[in-house]
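First comes the structure, then the notes that go with it.
The values are calculated or read from the model by the stated rules, or taken from the named source; none is laboratory data. Treat the numbers as computed from the prediction; the structure is a model and nothing was measured. Cβ coordinates were reconstructed from backbone atoms using ideal geometry, including for glycine residues, and neighbour counts include every protein chain displayed.
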Amino acid sequence: MTGKTFYLASLGCAKNTVDSDSMAALLYNDGYTPVEKPGRADVLIVNTCGFIQPARDESLKVLRKLAKNKKDGQVLIAAGCLTERYRQQIAEQIRGIDGILGTRRWMDILDVIHAVRPGQPHPLYHLPETPIIGLDEHGVMRASIQGGSAYLKIADGCRRPCAFCAIPLIKGTAVSRPADVILDEARQLQDMDIQELILIAQDTTDYGHDLGIKDGLAKLLARLVAAAPEIPWIRLLYAYPGYVTDALIDVMAGNQQILPYLDIPLQHAHPDVLRRMKRPADIDWVYRTLSKMRQAMPDLALRTTFIVGYPGETEAEFQTLLDFISAIKFDHVGVFPFSFEQGTASEPLGDPIPEEVKNERMARLMELQESISLAKNQALVGKTLDVLIEGKDKDISVGRSYRDAPEIDGLTIIEGQAPVGEIVKTRITGAMVHDLTAQLIS
Ligand code: SF4
């Protein structure tokens, strides 16, 4: 080993992927070379996820395996959200970790690598007490490029009081990145011929609040379309209910580049449950705003997320959620069983709803949503849709239309070969619950 190779395992959400790619960029700029196989690396890094138990289990599994197979002279660094929250427990549970770096200081990865010494009895901890995510990004792009798409991080951290969520404990409060830096990165991505720019944060609709900017996201979008007019698609994820303003709807409806797509996790629809979750409970606002958006953007595709089995959720409250889903007819829905999280405001409520009840409610909700998704997809048969090609095989190509965000929504399967990384015109020929089939049209 040359002393300058690294292997990075990135776990968790797209926001963590951006942190991983930024850490990789810092190493690359310092003369390190990425390798695919951990056995060939001098430095092993795991960018962990600490959001809920299943994600924590996966992070621990990856760390344990790398620690067990570690060779003499290799160093293992645990970074990310799990370390920010459970730094001590990780070191006690897994022998062989040389350095522990928190997610708020991802940009100090080189300092940690230069300071750790392989085989020390205790890991080096680098988790300086800081209430927020650092903005000293050392000039690396806060983006993750995946084929013709790029996730671009516009902010990090969160100031919302959602009772079930540990993110504010992990990341600290919301910190917006300077708009000029974001615009410059968008120009660079345009020069790289990126076709889809996906704006991410814990809460994109809170962009600029900490900078004293009202309607910060709408204003940022207006500058973005001017700064990067050649990027065909701009997609918004992680909107917070109550903060989808008229200004935001206007800038979305008024710019072809900004896709008529919105991911707005609502978590529930019964006001009492929402109040117990410390979430916005004005369901009339949701009805009004989504109908306003659909008037302004008739082709709007809506994604949301719900939690079932939140402490105290009655059958009647759950039924209200089902009725809401039937009424709104979302294009895509994600559903999670309530996950008990220590240290959050919901901790005193415990986890009283039995797993089998949570699973039964998840199944009923998804059954309803699948019938809605299928009907929506069937209504597209015969229509034309632009599709961003992400892969191809012998005689088919696969991609996504504006209606589908990467990794979480559906795909369009196209007969024939189409250029990867490009947006092509297609006619929809068939519909499934989540995916579509199509043929190329010139
Ligand atoms: S808005 Fe999202 S990230 Fe922020 S506390 Fe609520 S659920 Fe967590």
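Of the residues making up the range 423-437, not a single one is part of a loop (DSSP other than H, G, I, E, B) and either within 20 Å of P298 (Cβ to Cβ) or at pLDDT below 95 (or both). Listed conditions (1) within 16 Å of the ligand (Cβ to nearest atom); (2) among the hydrophobic types (A, V, I, L, M, F, W, C); (3) surrounded by fewer than 23 Cβ atoms within 10 Å (Cβ to Cβ) are all met by I234, apart from (1). Kindly check whether there is at least one residue in the range 26-35 that is within 25 Å of the chain's Cα centre (by Cα) and within 30 Å of A163 (Cα to Cα). No, the range 26-35 has no match at all. Within the range 149-170, the set of residues being near the ligand (Cβ under 9 Å from one of its atoms), touching a residue at least 60 places away in the same chain (Cβ under 8 Å), of a type outside the set (F, W, Y) and buried (at least 23 other Cβ atoms within 10 Å of the Cβ) comprises just one member, C165.
Being hydrophobic (A, V, I, L, M, F, W, C) and either surrounded by 19 or more Cβ atoms within 10 Å (Cβ to Cβ) or part of a helix (DSSP H, G or I) (or both) is the filter here, so list the residues in the range 205-229 that pass it.
L211, L217, A218, L220, L221, A222, L224, V225, A226, A227, A228
Just one of the listed residues (S291, S326) is without any contact (Cβ under 8 Å) to a residue 12 or more places away in the chain, within 30 Å of L436 (Cβ to Cβ) and surrounded by fewer than 20 Cβ atoms within 10 Å (Cβ to Cβ), namely S291.
The condition of being of a type in the set (D, E) and farther than 30 Å from C158 by Cα does not hold for D409. Residues considered: Y243, Y261. Of these, the only one that is assigned to a loop (DSSP other than H, G, I, E, B) and of a type in the set (S, T, Y) is Y243.
Pairs meeting the criteria (first residue in the range 269-283 and assigned by TED's automatic domain parsing to the domain that holds E315, second residue of a type in the set (D, E, K, R) and buried (at least 16 other Cβ atoms within 10 Å of the Cβ), beta carbons under 7 Å, at least 6 apart or on different chains) are H270/E317; D272/E317; V273/E313; V273/E317. The residue that is nearest to the ligand (Cβ to nearest atom), among those in the range 187-204 that are in a helix (DSSP H, G or I) and surrounded by fewer than 23 Cβ atoms within 10 Å (Cβ to Cβ), is L189.
Please work out if I132 is within 16 Å of the ligand (Cβ to nearest atom) and under 22 Å from I45 (Cα atoms). Here the answer is no, as I132 does not meet what is asked. Residues in the range 233-243 that are in contact (Cβ under 8 Å) with a residue 40 or more places away in the chain and either touching a strand residue (DSSP E or B) at 6+ places or on another chain (Cβ under 6 Å) or aromatic (F, W, Y) (or both): W233, R235, L237, Y240, Y243.
For the range 138-147, the count of residues that are under 28 Å from I213 (Cβ atoms) and within 16 Å of the ligand (Cβ to nearest atom) is zero.
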